[in-house]
Structures are given as C-alpha cells and as structure tokens.
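The values are calculated or read from the model by the stated rules, or taken from the named source; none is laboratory data. Only a predicted model underlies this, so the values are computations on that prediction, with no experimental measurement involved. Here Cβ is always computed from backbone atoms with ideal geometry, including for glycine, and neighbour counts include all displayed protein chains.
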Amino acid sequence: MALPINIQFTYSAENLQAANKLHYKKNYPVRGRILLWFGILLIWTGVLFMMMKGIAGHELMIYTFVAYGILVIGVHFYIMNTLGKRLFKKHKNNLHPIDIEITENNIRLAADDKSATVKWNEIIKATMKENIVLVYISKMSFYIFPKENFKENEFAEFVELVKKKITEIN
C-alpha cells in the first residue's frame, strides 16, 4: 500500500447527491422512505374506500386520498433526487477545495486556513458503494470520498484501508 494518499476534493452537486442518496439508502431505509410509504398508504385507503359498497356521494373523499397519495409520492422522489443538488446551491460560496492526506494513522483535511485531523479510531462507521465511500465521524456527519478524486489504484487502496481500520461497514 502506497501511503500517504493525497487527494484534492471539491464538492459538486453530483457527488453531494450520490452521498446523500447512499446515506439514506444504507443507514435510514425506513426514514428515507417515510413519505413514500405514507403516499402508498393514502392511495391504498382511497382504493379500499372505492371498493366498499354503499359509499355513493363520497367520490370526492376517495379521489382526494388517491390524489394526495400521488402528490406525497411525487414529493418523496423530488426530495430524494434533488437533496444534494439543493445543498450544493445553498452552500456553493463556501465549498472550497479540500486537501486530504490519508495515512495509516489518520485522515487530515485542510481547506483555506483551517484543518482537521481525524484519527481512524474516532471514525464510527463507513458506508461504501463501488464509486464512493462515506466515513462517519458522528451518526449524521460524514466525509465524502468519491472515486473520481483518486488516482489510478488509490481508491482500491483506500477501500482496503477503510475495511482494515473501521469495524462497522455498510
């Protein structure tokens, strides 16, 4: 393994979107889909009312349940498919390049005049996909390591180091 690994990371809307999608999919499968399930429940309620006999005159209520269900499902997909992009727009003036040095003992991050060093034993978990790694320093705070920022075989080396150093991996 060729340590240290030095990369420069600049946030983009695409990698923030991929990171948030992976975060909710792997760590909060129910919370990340609560609106989806609520929308399905509303549609199911409308369908059940539709199937019941003797509810003539309640068509507005039935169609309202179904329409709200479709609306809630649409809101779910809008939120999940635009979360990273909206975060990027909100903070685009504060997203400067981050210089990252990965060693056997820690990860050092530096941007502008600020720096932080995170020791491997301070990292509580990691979530991985074939092209991105999220390293968690708390339950909801994570650092993003997209494959595109690494050179040649460095991403595979980083993944192996993460597997070696972090006990909880999703």
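Contact annotation: residue pairs with Cβ atoms under 8 Å, 6 or more positions apart or on different chains, pairing a residue in region 13-35 that is within 22 Å of GLY69 (Cα to Cα) with a partner that is modelled with pLDDT under 85 and exposed (fewer than 15 other Cβ atoms within 10 Å of the Cβ), are TYR24/ARG31.
Taking the criterion of being out of contact with any helix residue (DSSP H, G or I) (no Cβ under 6 Å at 6 or more places or on another chain) and among the basic types (Lys, Arg), the residues of region 114-134 that qualify are LYS114, LYS119, LYS125.
Give the residue, chosen from LEU48, LEU71, LEU83, LEU60, that is under 21 Å from GLU148 (Cα atoms), in a helix (DSSP H, G or I) and of a type outside the set (D, E, K, R).
Just a single option satisfies the conditions, and that option is LEU83.
Can ALA116 be described as surrounded by 14 or more Cβ atoms within 10 Å (Cβ to Cβ), hydrophobic (A, V, I, L, M, F, W, C) and farther than 17 Å from ALA19 by Cβ? So ALA116 fails the test. Scanning region 122-141 finds no residues that are of a type in the set (Phe, Trp, Tyr), in a helix (DSSP H, G or I) and either closer than 22 Å to ILE7 by Cβ or in contact (Cβ under 8 Å) with a residue 40 or more places away in the chain (or both). Select from region 70-112 the residues that are within 17 Å of the chain's Cα centre (by Cα) and crowded, with 16+ Cβ neighbours inside 10 Å and write down the one among them that is farthest from LYS25 (Cα to Cα). Among them, the one singled out is PHE88. Across region 43-52, not a single residue is classified as closer than 30 Å to ALA156 by Cβ, without any contact (Cβ under 8 Å) to a residue 24 or more places away in the chain and surrounded by 13 or more Cβ atoms within 10 Å (Cβ to Cβ). Residue pairs whose Cβ atoms lie under 8 Å apart, separated by 6 or more positions or on different chains, with the first residue in region 146-170 and touching a residue at least 40 places away in the same chain (Cβ under 8 Å) and the second crowded, with 17+ Cβ neighbours inside 10 Å and among the polar types (S, T, N, Q), are PRO146/ASN15; GLU148/ASN15; ILE169/THR127; ASN170/ASN27; ASN170/THR127.
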